[in-house]
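The structure appears below as structure tokens.
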Amino acid sequence: MVQQVTIFLLLFGALQGGLLSIWFLKNRRNEPANLYISLFLLVAGLQLTLKVIAKVWLYQNVLWLYMLSYQLPYLIGPLLFLYVKAKTTNKRALADWWHFVLFGLATLWMTGVYVTEGEIREVHPFAKAAFQTLSLGIYTWLAYRIAPQSLKPFLRVAAITEQIIIVTLALMVVYYGRFPDVRLLFVALTLLIYWVSYQVIAKAGPFTQISDQTPTQPQSSISSPKSPKYARSSLKPDEADRIEQALQRSMAVDKLFLDSSQTIDTLAEKLATSRHHLSQVLNERMQQSYADYMNTLRLEEAQQRLRNPAYFHYTIAAIAFDSGFNSLASFNEAFRRQYGTTPSKFREPFLKKLST
């Protein structure tokens, strides 16, 4: 019974990983980071798929693929690092593929073992696990150094999950036949994939983009007639006043817009109201949607930092992420739409003024 449930969970994780990978490629902007997160999900899905298939059948029919499954952890560290790098710089270079050399060498050695039918000795599973752990640790550390705050929870969860997989793979080989079925530990990958899916659906965390709509300046209106959309709303004027004042105070004092994972639901909870009433206040009194309101504040914050000498040693990407944006490309586009120039060109005269 436990084995059947395990297979069921692994299979659904693999399917979700494949579908989510396709979604990232087709439904997001054409950003380099999308390629790497898609490859990460595909590798995770492949790891799950190969554990759903019976070990004996794989060994007898597709031995090379079975052996390849033990090399896949070499891909995870580089993919995590390249995803974070692309997310912060919005660039992809041909030299990035050198990060996969270790996987290539491991696969080449494995192929030699396969072709020579064992004349070339295979690396001991525990030694392989040590190399994979070292690779994962180094790349996770490199990624963590350059990652914005919103990406760090994902890095921690992904690295811990893959470390569980590395240990599990070693145990499956060394103690095969003498150890309970440890495939259940692969459910950690399924949980990771569904966690990413939840972040996407909830539009929170490191995987979202800002609104495509052009932000406009926040406007406040002390009193505003109800639009037909809110004709049946239970929101009273006094409560609307309280929400508006609390909203403006939370943005001016606490600067909640700097939190890139902030959603209308979490903001409404902090303001002790419902998302519907908060949305109504924004629409009727600010004449903006939630996304437009937050993006405007973030753009103003970014603009101030771009011309502030105290931030001249910061990169454009660092300022974008610290101002509450999740994507450098989306920040550049929103900035250009709002101010008619790019962030780098806007900053240029201030840098020249300082140098002179």
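The values are calculated or read from the model by the stated rules, or taken from the named source; none is laboratory data. No experiment lies behind these values; they were computed from the predicted model shown. For neighbour counting, all protein chains shown are included, and Cβ atoms are generated from backbone atoms with ideal geometry for every residue, glycine included.
Name the residue that is modelled with the highest pLDDT, counting only residues in the stretch 181-208 that are outside any helix (DSSP H, G or I) and buried (at least 17 other Cβ atoms within 10 Å of the Cβ).
Here is the first cut: in the stretch 181-208, the residues outside any helix (DSSP H, G or I) are 181, 203-204, 208.
Filter again for buried (at least 17 other Cβ atoms within 10 Å of the Cβ), leaving 204, 208.
On the way: 204: 46, 208: 54.
Looking at residues that are outside any helix (DSSP H, G or I) and buried (at least 17 other Cβ atoms within 10 Å of the Cβ), I get 208.
Taking the stretch 102-136 as the search range and keeping residues that are among the small types (Gly, Ala, Ser) and in contact (Cβ under 8 Å) with a residue 24 or more places away in the chain, which one is nearest to residue 175 (Cα to Cα)? Before you say what the answer is, go through the steps one by one.
Looking only at the stretch 102-136, we keep the residues that are among the small types (Gly, Ala, Ser), and these are 104, 106, 112, 118, 127, 129-130, 135.
Checking the rest, the ones that are also in contact (Cβ under 8 Å) with a residue 24 or more places away in the chain come to 106, 129, 135.
Values: 106: 22, 129: 14, 135: 24 Å.
Here the residue is 129.
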Could you check residue 286 against (1) surrounded by fewer than 16 Cβ atoms within 10 Å (Cβ to Cβ); (2) farther than 25 Å from residue 33 by Cβ; (3) in contact with a Pro (Cβ under 8 Å, 6 or more places away or on another chain) and say which number it fails?
-> (1)
Which of the residues spanning the stretch 99-122 are of a type outside the set (Phe, Trp, Tyr) and surrounded by 12 or more Cβ atoms within 10 Å (Cβ to Cβ)?
-> 99, 102, 104, 105, 106, 107, 110, 111, 112, 113, 120, 122
Selection from the stretch 76-98 of residues surrounded by 21 or more Cβ atoms within 10 Å (Cβ to Cβ) and either of a type outside the set (A, V, I, L, M, F, W, C) or under 17 Å from residue 125 (Cα atoms) (or both) yields 77, 78, 83, 85, 87, 88
The stretch 63-80 residues that are over 17 Å from residue 142 (Cα atoms), paired with ones that are of a type in the set (Lys, Arg) (beta carbon under 8 Å, 6 or more apart) | 66/55; 69/51; 70/128
Of the residues in the stretch 44-66, those that are closer than 27 Å to residue 116 by Cβ and modelled with pLDDT of 85 or more come to 46, 47
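Does the stretch 145-159 hold any residues that are assigned to a helix (DSSP H, G or I) and either touching a strand residue (DSSP E or B) at 6+ places or on another chain (Cβ under 8 Å) or in contact (Cβ under 8 Å) with a residue 24 or more places away in the chain (or both), and which are they?
Of all residues in the stretch 145-159, those assigned to a helix (DSSP H, G or I) come to 145-146, 149-159.
Those that are assigned to a helix (DSSP H, G or I) and either touching a strand residue (DSSP E or B) at 6+ places or on another chain (Cβ under 8 Å) or in contact (Cβ under 8 Å) with a residue 24 or more places away in the chain (or both): 146, 149, 150, 151, 153, 154, 155, 157, 158, 159.
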From 230, 175, which residue is hydroxyl-bearing (Ser, Thr, Tyr) and modelled with pLDDT of 70 or more?
-> 175
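Quick one: would you say residue 238 is surrounded by fewer than 22 Cβ atoms within 10 Å (Cβ to Cβ), in contact (Cβ under 8 Å) with a residue 60 or more places away in the chain and of a type in the set (D, E, K, R)? Steps first, please.
On the way: surrounded by fewer than 22 Cβ atoms within 10 Å (Cβ to Cβ): yes; in contact (Cβ under 8 Å) with a residue 60 or more places away in the chain: no; of a type in the set (D, E, K, R): yes.
No; evaluated as a whole, the condition is false for this residue.
Name the one entry in 80, 58, 65 that is of a type in the set (A, V, I, L, M, F, W, C) and closer than 24 Å to residue 160 by Cα.
Working: 58 fails: closer than 24 Å to residue 160 by Cα; 65 fails: closer than 24 Å to residue 160 by Cα.
Answer to the selection: 80.
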